[in-house]
Amino acid sequence: MAELHQINTGPGLTFDAWVDGPPGAPLVLLLHGFAESFDMWRAQLPALAAAGYRAVAPSQRGYSAGARPDPSDSANYQFDHLLADAMNVAAACGGADGRFHLVGHDWGGSIAWGIADRHPRRLASLTVLSRPHPNAFNRALELADGEQAKRSRHHWAFLEPDAGPRFLADHCRWLRERLTRSGVPPAAIAQYVAVLGNRPTIEAALAWYRARGAIRAPLGPIDVAVLYLWGDADDTVGRAAAEGTREFVRGPYRFEVLPGIGHFAADQAPDRVNALLLAHLAEHPV
């Protein structure tokens, strides 16, 4: 059973984390996205532990009360800090020198792509849910049909100064309705609202967007074994960005389309995600 740990990586940076599996087992680091929390991995943690892995799902910068630098200064939430946090959590969990498996969804997927670009030798495998390679995403944004730009219009909305209060309005109505439309179970929605439904957390979560802007910096080709999962009902990532990701991976690559699944695959199809993830990890051991 997953246990809640506190992982300290430096002054003012103590991350809550769900941890499951035997100490010393191969590490699997799972990075959540927005607008969720580390609770999104509730189905993956026990499955990974049962397969003999040490699964660690941190509540990331700003989401953990003990790792929440002042969000009014977006420099505290620059992409490099988010990458460093993940690497430092991995180090604190026994992955200081050796390789580990990395899994990310949405924003966590963006961080995972960045780590794979900068630290490929540290990763035994990479699994990304929904979020395409940044170069494929940027290219899709520029297409004349405007489809990806329309899907991503919320990125610009999150940069507005009043985004936090609008998000919190009517007990996070926007989030609750969005997750409901996407087929996320009510219990999971309640967990995410419990984490994000307060001013300090939502302002810190939005600081990720404000620090980075709406356009992702390009990365190089990825030399890691990649499993990319995309639901063909994902309302934030279109087919052009998803299919275009293949061009930016030089390592072994598997692209799995999940029919009828939207942006929140770990919530909507946990058994399918687990099966694909465990097969990928077994094929690319540490």
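Give, as residue ranges, the helices (runs of 4 or more DSSP H) completely inside segment 104-212 that count at least 1 residues that are modelled with pLDDT of 95 or more and in contact with a helix residue (DSSP H, G or I) (Cβ under 8 Å, 6 or more places away or on another chain). Spell out the reasoning first.
On the way: elements: 107-118, 134-141, 147-151, 153-157, 163-181, 186-196, 199-212.
Once the helices (runs of 4 or more DSSP H) in segment 104-212 are filtered for at least 1 residues that are modelled with pLDDT of 95 or more and in contact with a helix residue (DSSP H, G or I) (Cβ under 8 Å, 6 or more places away or on another chain), what remains is 107-118, 134-141, 163-181, 186-196, 199-212.
In segment 221-241, the count of residues that are touching a residue at least 24 places away in the same chain (Cβ under 8 Å), assigned to a helix (DSSP H, G or I) and crowded, with 16+ Cβ neighbours inside 10 Å is one or more. Could you check, for segment 231-254, whether at least one of its residues is modelled with pLDDT of 95 or more, closer than 23 Å to P46 by Cβ and acidic (D, E)? Checked segment 231-254: no residue is modelled with pLDDT of 95 or more, closer than 23 Å to P46 by Cβ and acidic (D, E).
Being on the phi < 0 side of the Ramachandran plot, basic (K, R) and surrounded by fewer than 18 Cβ atoms within 10 Å (Cβ to Cβ) narrows it down to one residue among R118, R54; which is it? Talk me through it step by step, then tell me what you get.
Details: R54 fails: surrounded by fewer than 18 Cβ atoms within 10 Å (Cβ to Cβ).
Unique residue meeting the criteria: R118.
Close Cβ contacts (under 9 Å, 6 or more residues apart or on different chains) running from residues in segment 255-278 that are assigned to a strand (DSSP E or B) to residues that are polar (S, T, N, Q) comprise F255/T245; L258/Q268.
Against the list (1) surrounded by fewer than 17 Cβ atoms within 10 Å (Cβ to Cβ); (2) modelled with pLDDT of 95 or more, the condition A96 fails is (2). Take A91 and decide whether it is surrounded by fewer than 18 Cβ atoms within 10 Å (Cβ to Cβ), out of contact with any strand residue (DSSP E or B) (no Cβ under 7 Å at 6 or more places or on another chain) and assigned to a helix (DSSP H, G or I). So A91 passes the test.
Regarding D271, is this residue on the phi < 0 side of the Ramachandran plot, under 18 Å from the mean Cα position of the chain (by Cα) and of a type in the set (D, E, K, R)? No, not satisfied. Quickly run through segment 168-180 and pick out the residues that are closer than 19 Å to F264 by Cα and either in contact with a strand residue (DSSP E or B) (Cβ under 9 Å, 6 or more places away or on another chain) or in contact (Cβ under 8 Å) with a residue 24 or more places away in the chain (or both). Residues satisfying the conditions are C172, L175, R178, L179.
Within the bounds of segment 66-78, is there any residue that is surrounded by fewer than 19 Cβ atoms within 10 Å (Cβ to Cβ) and touching a Pro at 6+ places or on another chain (Cβ under 6 Å)? So far as segment 66-78 goes, yes, one or more of its residues are surrounded by fewer than 19 Cβ atoms within 10 Å (Cβ to Cβ) and touching a Pro at 6+ places or on another chain (Cβ under 6 Å).
Pairing residues of segment 71-84 that are closer than 14 Å to L13 by Cβ and assigned to a helix (DSSP H, G or I) with residues that are modelled with pLDDT of 95 or more and polar (S, T, N, Q), at Cβ distances under 8 Å and at least 6 apart in sequence or on separate chains, gives L82/Q60.
The values are calculated or read from the model by the stated rules, or taken from the named source; none is laboratory data. All values derive from a computational prediction rather than experimental measurement. We place every Cβ from the backbone using ideal geometry, glycine too, and count neighbours over all the protein chains shown.
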